[in-house]
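**Q** Take a look at this one; I'll ask things after.
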Amino acid sequence: DPVTHMKHEVAKAAASRVQSGMVVGLGSGSTAALMIQYLGDRVRNGELTNIQAVPTSFQSSVLANEYGIPLTTLNEVDRIDIAIDGADEVDPQRNLIKGGGACHTREKLVDARAEQFIVVVDSSKLVEALGTTFLLPVEVLPEAYIQVGKALEKLGGKPELRMAVKKAGPVVTDQGNLVLDVKFDRIDQPAELEKAINNIPGVLENGLFVGLTDLVLVGEVDGDRVSVR
Ligand code: DER
């Protein structure tokens with residue numbers, strides 16, 4: 001289907017930008033998963049040598065192991081040359097909402113540290129303003145989710161606890177925390193809202209990625225074209 005085709009095109013385009021010797025941040029989600037697969041192909045066919053990858057989730061670690069991409073950790077590298085990750089929304093200033101896969105805490109650590117942070121999306125993720133098509137994910141300490149929810153309401157949000165599908169009860173993140181998905185009508189000041197939310201006691205991280213994106217690769221509906229923003 002066209003969306004899957006777009007995801008493949010941008011994932012391949014992003015993976016082709018990785019050069020031998022690089023330290024690469026591996027994003028999470030379905031588009032990043034395809035990128036990891038293309039990267040693995042390039043490692044396996046000998047095109048790419050001595051790269052090291054920093055994962056952003058259990059998902060990206062498992063995929064890297066599956067495709068033979070050598071893994072390292074944030075504390076062992078002195079730089080990240082390029083990070084490639086998906087997004088749930090991209091606004092005209094290239095600010096993002098991420099966290100659809102509940103991986104945004106480690107994603108922001110890696111994406112913010114990278115010399116070049118490349119976002120890979122299909123065109124359905126492009127929005128005029130953040131918050132218009134996607135709830136804002138907030139990772140919270142389990143013992144604080146009710147009081148954090150109340151603080152988010154004071155900021156104008158409507159929080160709901162993210163429930164799991166293949167596990168009874170709420171989604172548990174790779175860090176052992178819970179996720180509140182918060183409805184904001186339209187986020188016109190993402191930088192301010194990101195700071196206000198992360199200042200609430202009990203919040204680990206929220207899905208607003210402001211001023212971090214260097215390049216957005218967009219899979220266009222007309223098939224093979226990948227546009228750059
Ligand atoms: O959870 C995440 O942040 C993912 O990167 C998400 O934002 C995009 O996932 P998708 O590529 O499966 O739509």
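**Q** Roughly to the nearest percent, how much of the accessible area of the chain is carbon and sulfur, given a 1.4 Å probe?
**A** Carbon and sulfur together cover 52 percent of it.
**Q** Turning to a different aspect of this structure: Sorted by mean Cβ packing within 10 Å, highest first, what order do the peptides 165-175, 136-146, 89-99, 182-192 take?
**A** Descending mean neighbour count gives 89-99, 136-146, 182-192, 165-175.
**Q** Residues of segment 115-216: accessible area per residue at 1.4 Å, in Å²?
**A** Dividing the accessible area of segment 115-216 by its residue count gives 49 Å².
**Q** Then there's this: Which whole-number percentage describes the relative contact order of segment 146-201, with Cα contacts under 8 Å and a sequence gap of 6 or more?
**A** It rounds to 32 percent for segment 146-201.
**Q** Taking 22 Å as R0, compute the FRET efficiency from the Cβ-Cβ separation of residue 221 and residue 16 and round it to 0.05.
**A** My answer for the efficiency is 0.55.
**Q** With only Lys, Arg, Asp and Glu charged, each at its Cβ (+1 for the first two, -1 for the last two), find how big the charge dipole of segment 72-198 is about the Cα centre; round to the nearest 20 debye.
**A** Result for segment 72-198 is approximately 420 debye, rounded to the nearest 20.
**Q** What size of dipole, in debye to the nearest 20, comes out for segment 1-156 about its Cα centre when the only charges are +1 on Lys and Arg C-beta atoms and -1 on Asp and Glu C-beta atoms?
**A** Dipole size: approximately 100 debye.
**Q** On full extension of the chain, what length is gained from residue 228 through residue 153, given 0.36 nm per residue of separation minus the C-alpha to C-alpha distance?
**A** 23.3 nm
**Q** Can you give me the angle between helix 145-154 and the longest principal axis of the chain, using Cα atoms only, in degrees from 0 to 90, rounded to the nearest 10?
**A** 80
**Q** Report, to the nearest 10°, how far helix 2-15 tilts away from the longest principal axis of the Cα atoms in the chain, using its own Cα long axis and a range of 0 to 90°.
**A** 60
The values are calculated or read from the model by the stated rules, or taken from the named source; none is laboratory data. For clarity, every value in this text was computed on a predicted model and none was experimentally measured. Methodologically, a virtual Cβ is constructed for each residue, glycine included, from the backbone with ideal geometry; neighbour enumeration extends over all protein chains shown. Protein only, heavy atoms only, side chains kept; ligands, DNA and RNA dropped before computing areas. Shrake-Rupley method; radii C 1.70, N 1.55, O 1.52, S 1.80 Å.
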